[in-house]
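Heads up: the structure comes next, in structure tokens.
Values in this text are rule-based calculations from the coordinates and carry no lab data. All values reported here derive from a predicted model rather than from experimental measurement. Cβ placement follows ideal geometry from the backbone for every residue including glycine, while neighbour counts extend to all protein chains displayed.
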Amino acid sequence: MSRLNEEARAALRAAGVSQAAWARHNYYADGRWGGDACGCPDSRCIGFHHDEQDDCGCLAVLLADMARESAASAVSEVTPK
């Protein structure tokens, strides 16, 4: 298990997502991060999806998906059935 690196923590802060919420969203029920340091839930991301010195493209896409899911959930909660 790795800790989130500064770039990932900054991206989460900018998105308004706590580290614990990000972990739980990615199936780490205890709220402790178990993915890669770059914020990708795939623990092999650094070195497989991108090199150590490069930004993780996964995190931005996954955060955008999370925001869309949240928005859709909020709409469905206030929409009469």
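Can you tell me the length gained on complete extension of the stretch ASP51 to ASP65, counting 0.36 nm per residue apart and subtracting the Cα distance? Write out the running numbers ahead of the final one.
Values: separation 14, 0.36 × 14 = 5.04 nm, distance 2.33 nm.
Extra length from ASP51 to ASP65 when fully extended: 2.7 nm.
log10 I(q)/I(0), Debye, Cα-only the chain, no solvent, q = 0.13, 0.15, 0.25 Å⁻¹?
The Cα Debye sum returns log10 ratios of -0.41, -0.53, -1.21.
Can you figure out the FRET efficiency of ARG32 with ALA74, using R₀ = 25 Å and their beta-carbon distance, to the nearest 0.05? Let's see the in-between values first.
Working: r = 27 Å, r/R0 = 1.07.
With a Förster radius of 25 Å, E is 0.40.
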